[in-house]
1. Between ASP123 and ALA244, what is the FRET efficiency for a Förster distance of 35 Å, r being their Cβ-Cβ separation, to the nearest 0.05?
2. Can you give the helix-only mean residue ellipticity at 222 nm for the chain, where every DSSP H stretch with n ≥ 4 adds -39500 (n - 2.57) and the sum goes over all residues, rounded to the nearest 500 deg cm²/dmol?
3. Run the 1.4 Å probe and let me know the accessible area of PHE63, rounded to the nearest 10 Å².
4. Can you list the lysines whose alpha carbon sits under 28 Å from that of LYS181, skipping same-chain ones fewer than 8 residues off?
5. Using a 1.4 Å probe on the protein heavy atoms only, what accessible surface does ASP276 show? Give it in Å² to the nearest 10.
6. So, counting K/R as plus one and D/E as minus one, what does the shell of residues with Cβ under 13 Å around VAL99 add up to?
7. If you count only protein heavy atoms with a 1.4 Å probe, what accessible area per residue comes out for region 129-238, rounded to a whole Å²?
8. Of LEU186, LEU243, which has the most accessible area with a 1.4 Å probe, and how do the rest follow in descending order?
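The values are calculated or read from the model by the stated rules, or taken from the named source; none is laboratory data. Owing to the predicted nature of the structure, the values given are computational and were not obtained by experimental measurement. Cβ atoms come from the backbone with ideal geometry, glycine included; neighbour counts cover every protein chain shown. We work out accessible area using only protein heavy atoms, side chains counted, and drop any ligands, DNA or RNA first. Shrake-Rupley method; radii C 1.70, N 1.55, O 1.52, S 1.80 Å.
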Amino acid sequence: MRRLVAETSLSPNNLVAPLFVREGIDEPIPVPSLPGVQQHSVSTLVEEAKHLASLGVGGILVFGVPQRKDATGSEAWNPAGVAQIAIAELAEAVGDQMVVMADLCLDEYTESGHCGVLGADGDVDNDATLELYGRVAVAQADAGVAVVAPSGMMDGQVAAIRGALDDAGHSGTAILAYAAKYASSLYGPFRDAVDVEIACGDRRGYQQDPANAREAIREVALDIEEGADMVMVKPGVAYLDVLAEVARFSSVPVASYHVSGEYAMVMAAAERGWIDGPAVMAEHVLAIRRAGADIICTYAAAELAGGMNG
Ligand code: PBG
């Protein structure tokens, strides 16, 4: 009876697994603050993607961890950069079974750890960054990605990326915009996963204030106007009110990201035997779905999909 009348259902199709690929390693390296998550080599990444595809997981979201960082983050658009090499292999191996997406940002690639290039005043230069985002988008699309996911929250990024993709003949490449992204403390473990330390300052200049919901709605509306094919609210469980509001008015599919800190808290409490980890994880993800997400990025994608498959 409960099953018959359940208002919300969750299928592996709704899930996207974030995956990390690190340049210059042969064996996967576990991320200590994200139990179950690894930095992959290109070949173990492809194996993991095949496993996720066999479980019916809807998509993967690739993050590159380069060996060399510089001021502009130039490895991010190098055709021979680790993310591009990984994307090409993933597109070939699993591109027909699941959606291969790539995070589009510079923080993994810049010495500063910021999402863009710094101007003379030491602040991120929004407009100079847009041009670089265009190059990254084209490099990822050339490599065969189906969806680029800009996560830097620069003003005008969706329009700039759409323009760059179209000019390069990639009008079929979709954009999943991290449209409402909060300057949250819940991204801590992620920074371990991508070897990023923010050298100076923080991201409050370009990410949203956790105290505010209305500006998130405005940001989402702008991104849709600029051509976003899907929009994301991030983090997940801590921002369900914003997600529900966005899901009510969005004309495009809505995604949410159960971020590293949210995942790590569940895993840590479970490790101490204080909560039932798999049950809490499933409840979190179901809550995100109930609030209106069509797509849920989660580090627990394989476990959750495994459970759903019986
Ligand atoms: C930026 C990016 C971040 C996350 C996804 N894309 C880090 C940030 O904005 O600081 C966070 C994901 C997580 O915490 O799980 N490239």
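1. On the way: r = 33 Å, r/R0 = 0.95.
After rounding, the FRET efficiency stands at 0.55.
2. On the way: 11 runs with 122 residues, N = 310.
The helix contribution divided over the chain gives -12000 deg cm²/dmol.
3. 10 Å²
4. LYS69, LYS234
5. Its heavy atoms expose roughly 90 Å² to the probe.
6. Working: positive: none; negative: ASP96, ASP229, ASP294.
Spelling it out: positives minus negatives among the neighbours equals -3.
7. On the way: 4210 Å² over 110 residues.
Using a 1.4 Å probe on heavy atoms only, each residue of region 129-238 averages 38 Å².
8. Numbers: LEU186 35, LEU243 0 Å².
Descending order: LEU186, LEU243.
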